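In what follows, a single structure is set out as structure tokens and then discussed.
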Amino acid sequence: MLDAQNGDWWFCLRHNEVEHGKGCPNSRRLGPYPDQATAAQALDIAAERNEAWDEEDEKEER
């Protein structure tokens, strides 16, 4: 697991905002991300990944 104090960027699900480095517990955040802009897109990234996984699951069920 990555150390939250190494300067990575995160998206806090509790506060709905980007955090840098140490912040809320990792269980309440998405990330880490390489930069602030990517962390700001965390919810969109998660939605896209979920959609791709759902599509993959549907293909496997056929």
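The values are calculated or read from the model by the stated rules, or taken from the named source; none is laboratory data. Owing to the predicted nature of the structure, the values given are computational and were not obtained by experimental measurement. For neighbour counting, all protein chains shown are included, and Cβ atoms are generated from backbone atoms with ideal geometry for every residue, glycine included.
Show the residue pairs that are 6+ apart or on different chains and have beta-carbon atoms under 7 Å apart, the first residue being within segment 29-55 and closer than 21 Å to Arg14 by Cβ, the second being modelled with pLDDT of 95 or more and part of a helix (DSSP H, G or I).
Qualifying pairs under 7 Å: Leu30/Ala42; Leu30/Ala46; Gly31/Ala39; Gly31/Ala42; Tyr33/Ala39; Tyr33/Ala42.
Among all residue pairs at least 6 apart or on different chains, which show Cβ distances below 9 Å where the first residue, located in segment 9-26, is closer than 15 Å to Gln41 by Cα and in contact (Cβ under 8 Å) with a residue 24 or more places away in the chain and the second is part of a loop (DSSP other than H, G, I, E, B) and of a type in the set (Gly, Ala, Ser)?
Trp9/Gly21; Trp10/Ala4; Trp10/Gly21; Trp10/Gly23
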